[in-house]
Structures are given as C-alpha cells and as structure tokens.
Amino acid sequence: MKLTKFNVVSMCLVILVLFILTGRIFDMPIMSDYSWIFVFPLFAYLYYGLTKEHNHFFGFFLIGFSIVEMLKIVFSGNELIGVYGANYLIIATYLSLIIFLVKDLDIKKIFKDFKLPMIVLVVFNAYIIYALNEMILEDPKVETSSLEFVTNVIYNVFIQLVLSLALIHYLYHQTKQSLLLFLASVCIVFSEMVQVAYLFISSEQILEIIYSMLMGLGFYFLYVYIKIRHFDSYKTESPAIV
C-alpha cells in the first residue's frame, strides 16, 4: 500500500479510536478525553488539506466540532467557557451543517415531491424534542425559564433539523455521498440523545460508552464521505455532487 498523506492520517485516526475505546471501557478518562480532542482536527485536515473541492459550511462544522471538544475538555472547570461557550459554538456548527444540507436543494421541488415525508418528520421531530426536554427537566436544578433550558431547547431543535434535512437531502439526491451524510447524521443525533440521558438522568458509564460509539460511528461515515470526495476530486475536475 502506498503511504500517502491520506493513509497516514487514517492510521492516526485508527490509533486514536483505539485509545478512546480503551479509555472508555477501562475508565481512564484522561486517555480517552485527550485522544478524543485530536480526532476532529484530523477530520478537518482531511477535508481541507487533502481534498481539492471544499464547502466552507461543512468545513466550519468540522472545525467547530474540533474547537467544541477542546473547550469541553481543556476548560472543564470553567463553566463560562467549557459549558456555555461550547454549547453556543456547537449550535453554530449545527446551523452551519443545516445550511450545507439546504443550500443545494430545490425548496419548491421538496415541498412538491416530499409532502408526506415532511409531515411525518414534523410530527416525529415535535415528539422527540418534547421527550428530550422532559428528560432535561428530570434534573431538579433546571428551570424552564433558565438560559440553560432555552439553550438546550434550541440545541435539540437544531439536531433534529440536521437529521430531518439529511434524510430529505438523501431522498432528493439519491447518491452514495448523501446516504453517508444521512447515516452520519443518524449516529451523531442519537449520540446526542444518549448524552442528554447521561447528563440529566443517569451517569451510568454504559451511556457514556454508547455515546462514544455512536459518535465514533457517525464520524466514520463522515470519514468515508471525505474519502470519496478525496479520490473523486483527483479523478475529475468537475464539482462532486454532495
């Protein structure tokens, strides 16, 4: 196998994932947490450094995720930066991903061809957001009038929008890359739901492991997506379909 930059970065990602899983399973948070924060910068490098064609909304999602994970771990003792700063930035990263998913859709065609799926998604999302908010309110310290609760509501709305738009994006394009984006969104969104349960209901270690595995699987699908774009961009000079 030719040792390219892409292969080197891929091997580094595999090593980091092994460290993360080892740390999660054997309760070694320093190993897992500090390995975790190096994963996302490598994804950003794969996308910006090793592919010829970039979408800055998708790129901001990767870079923003990198910064968020660093803030949460490095500034874990600082509530202003480690909690509120990270929460606001992650909302911005999901907003960027939403724009990325929407920008190449024909909205009129979407409303014309996918009326029933959109109605189902609206009902499904409303229920999921309600359920997530009820889970948050299980914590007696959280009040509905608090900034923390409002932030979490906005956060939950955005992650559900990401999942719904990723599905619509796949139905609209019907490509392998759009399928990978949808599968990645499913894993990331469900990992966020597990994290809500971990933070506000139960701090069982198994929930943290499930969260990490779902998030890791989601970013594996993103890795495959970036890999396809990387090799496609060297096969043709025409823009790849997202």
Considering only residues of the stretch 72-88 that are in contact with a Leu (Cβ under 7 Å, 6 or more places away or on another chain) and touching a residue at least 12 places away in the same chain (Cβ under 8 Å), which is least open to solvent (accessible area, probe 1.4 Å)?
Ala86
Name the pairs whose Cβ atoms lie under 6 Å apart, with the first residue in the stretch 16-27 and more than 10 Å from Gln205 (Cβ to Cβ), the second part of a helix (DSSP H, G or I) and open to solvent by 100 Å² or more (accessible area, probe 1.4 Å), and 6 or more positions between them or separate chains?
Leu16/Phe38
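So that you can scan it fast, the table gives a plain yes or no per residue for (1) modelled with pLDDT under 85; (2) of a type outside the set (A, V, I, L, M, F, W, C); (3) assigned to a helix (DSSP H, G or I); (4) under 24 Å from Val9 (Cα atoms):
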{"position": "Ile188", "(1), (2), (3), (4)": "no, no, yes, yes"}
{"position": "Gln195", "(1), (2), (3), (4)": "yes, yes, yes, no"}
{"position": "Ser203", "(1), (2), (3), (4)": "yes, yes, no, no"}
{"position": "Ile206", "(1), (2), (3), (4)": "yes, no, yes, no"}
{"position": "Ile226", "(1), (2), (3), (4)": "no, no, yes, yes"}
{"position": "Asp232", "(1), (2), (3), (4)": "yes, yes, yes, yes"}
{"position": "Ser238", "(1), (2), (3), (4)": "yes, yes, no, no"}
{"position": "Val242", "(1), (2), (3), (4)": "yes, no, no, yes"}
Scan the stretch 162-169 and tell me whether some residue there is closer than 27 Å to Tyr225 by Cβ and open to solvent by 30 Å² or more (accessible area, probe 1.4 Å).
yes
Restricting attention to the stretch 175-207, the residues that are touching a Phe, Trp or Tyr at 6+ places or on another chain (Cβ under 7 Å) and either in contact (Cβ under 8 Å) with a residue 12 or more places away in the chain or open to solvent by less than 30 Å² (accessible area, probe 1.4 Å) (or both) number exactly 13
Among the residues of the stretch 208-221, which ones are at pLDDT below 80 and open to solvent by 40 Å² or more (accessible area, probe 1.4 Å)?
Glu208
Kindly provide the set of residues from the stretch 29-64 that are of a type in the set (A, V, I, L, M, F, W, C), more than 23 Å from Ala92 (Cα to Cα) and open to solvent by 50 Å² or more (accessible area, probe 1.4 Å), ordered by number.
Ile30, Met31
Would you be able to tell me the number of residues in the stretch 138-151 that are surrounded by 11 or more Cβ atoms within 10 Å (Cβ to Cβ) and free of Cβ contacts under 8 Å to residues at least 24 places away in the same chain?
5
Kindly list, by first and then second residue, each pair from a residue in the stretch 108-128 that is hydroxyl-bearing (Ser, Thr, Tyr) and open to solvent by less than 90 Å² (accessible area, probe 1.4 Å) to a residue that is modelled with pLDDT of 90 or more and in a helix (DSSP H, G or I), limited to pairs with Cβ atoms under 9 Å and residues at least 6 apart or on different chains.
none
Find the residue count for the stretch 1-19, including only residues that are open to solvent by 60 Å² or more (accessible area, probe 1.4 Å) and not in a helix (DSSP H, G or I).
3
Taking the criterion of being part of a helix (DSSP H, G or I), open to solvent by 20 Å² or more (accessible area, probe 1.4 Å) and within 23 Å of Phe231 (Cα to Cα), would at least one residue in the stretch 20-28 satisfy it?
no
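The values are calculated or read from the model by the stated rules, or taken from the named source; none is laboratory data. Every value quoted in this text rests on a predicted model; they were computed, and no experiment measured them. All Cβ positions, even for glycine, are placed from backbone atoms using ideal geometry, and neighbour counts span all protein chains on display. When the accessible area is computed, the model is the full protein with side chains, heavy atoms only, and any ligands, DNA or RNA have been set aside. Shrake-Rupley method; radii C 1.70, N 1.55, O 1.52, S 1.80 Å.
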